[in-house]
Number of protein chains: 2
Amino acid sequence: MAKHDTDLSALFQALADPTRRAILARLAEGPAAVSDLARPTGLRLPTVMRHLEVLEQAGLIDSSKDGRVRSCALVPQALAPLRSWLEEQRILWEGRLDRLEDYVMQVMKEQGQ
Amino acid sequence: MAKHDTDLSALFQALADPTRRAILARLAEGPAAVSDLARPTGLRLPTVMRHLEVLEQAGLIDSSKDGRVRSCALVPQALAPLRSWLEEQRILWEGRLDRLEDYVMQVMKEQGQ
DNA sequence: ATCATGCTTAGCCATGCAGCTAAGTAATCA
DNA sequence: TGATTACTTAGCTGCATGGCTAAGCATGAT
């Protein structure tokens, strides 16, 4: 399996959890420390840490430690692969629809005779 | 948690598996029977069945049985929620970048004085 | 009526994941 | 120095997921 593919899997996997999507939404407002991200979730710190690990592994966020505080931030271009995949699928799926349309048109023409 | 949200989770979850994405790609060429979908995966039928269940549950495919053959097909509009979520995020994330840009501009102006 | 085909169901196994507690480390504050 | 804060690590639990085999059921062909 291509790396491109496992990347996509990791991305989708990371985004499949509502808590993680909420964290991303929060980060869209700007960088935040781990505890700040944890507070609104109502989850314990270690749990949130693991979510952050998943997000970072998927390339969606970046984090760096300053003193005893770890600050997390979005990686803006991280959703690009997902966007291209989606666009690719759209073209494929619509191509399929076009062919279906052609087929229907042809059947109608044949029936018209 | 909103239904909208669990829908998104199911979508992402369903797309997080390469086998399932391969099945979707195959279906983009047109409807297919379960065995036809199973063959190229090299997996056993029950395993593929479960993948198909997941895809159907997520609303990505549709299936109907004719005789003893079950035929599966894409649901073209199924990716729409994902597209809107992505677009929403793009706006949010870019809004963030705009604000960052504003901030940088302001700092530069202040330093210029 | 019998047999082959195509799917379905039931159930097992290993692994992964989301949550937790408890205990550890490292930086800041009094 | 000692206490507090902010993560971090280790390890447990329960449930979900992806794979399998074996056996069942319904339909189509002979």
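Odds and ends about this structure:
- Once segment B:1-60 is narrowed to residues that are acidic (D, E), modelled with pLDDT of 95 or more and more than 21 Å from A:R20 (Cβ to Cβ), the residue that is nearest to DNA strand D (Cβ to nearest atom) is B:E53.
- Residue among A:P31, A:P40, A:P76, A:P46 that alone is open to solvent by 20 Å² or more (accessible area, probe 1.4 Å) and within 9 Å of another protein chain (Cβ to nearest Cβ): A:P76
- The residues of segment B:1-16 that are within 11 Å of DNA strand C (Cβ to nearest atom) and open to solvent by 40 Å² or more (accessible area, probe 1.4 Å), listed by number, are B:M1, B:Q13.
- Any hit, segment A:14-25, residues being more than 12 Å from chain B (Cβ to nearest Cβ) and among the small types (G, A, S): no
- The lone exception for A:L45 - which of (1) in contact (Cβ under 8 Å) with a residue 24 or more places away in the chain; (2) touching a helix residue (DSSP H, G or I) at 6+ places or on another chain (Cβ under 6 Å) it fails: (1)
- Of the residues making up segment B:49-73, those that are on the phi > 0 side of the Ramachandran plot and either near DNA strand C (Cβ under 8 Å from one of its atoms) or open to solvent by 50 Å² or more (accessible area, probe 1.4 Å) (or both) number 1.
- Only residues that are over 16 Å from A:Q89 (Cα atoms) and within 14 Å of chain A (Cβ to nearest Cβ) were counted in segment B:52-69, giving 4.
- Meets criteria (basic (K, R), at pLDDT 95 or above and surrounded by 15 or more Cβ atoms within 10 Å (Cβ to Cβ)) for B:R96: no
The values are calculated or read from the model by the stated rules, or taken from the named source; none is laboratory data. Nothing here was measured: the structure is a model prediction, and the numbers come from that model. With ideal geometry, Cβ positions are generated from the backbone for all residues, glycine too; neighbour counts draw on all protein chains shown. Note: areas computed on protein heavy atoms with side chains; ligands, DNA, RNA excluded. Shrake-Rupley method; radii C 1.70, N 1.55, O 1.52, S 1.80 Å.
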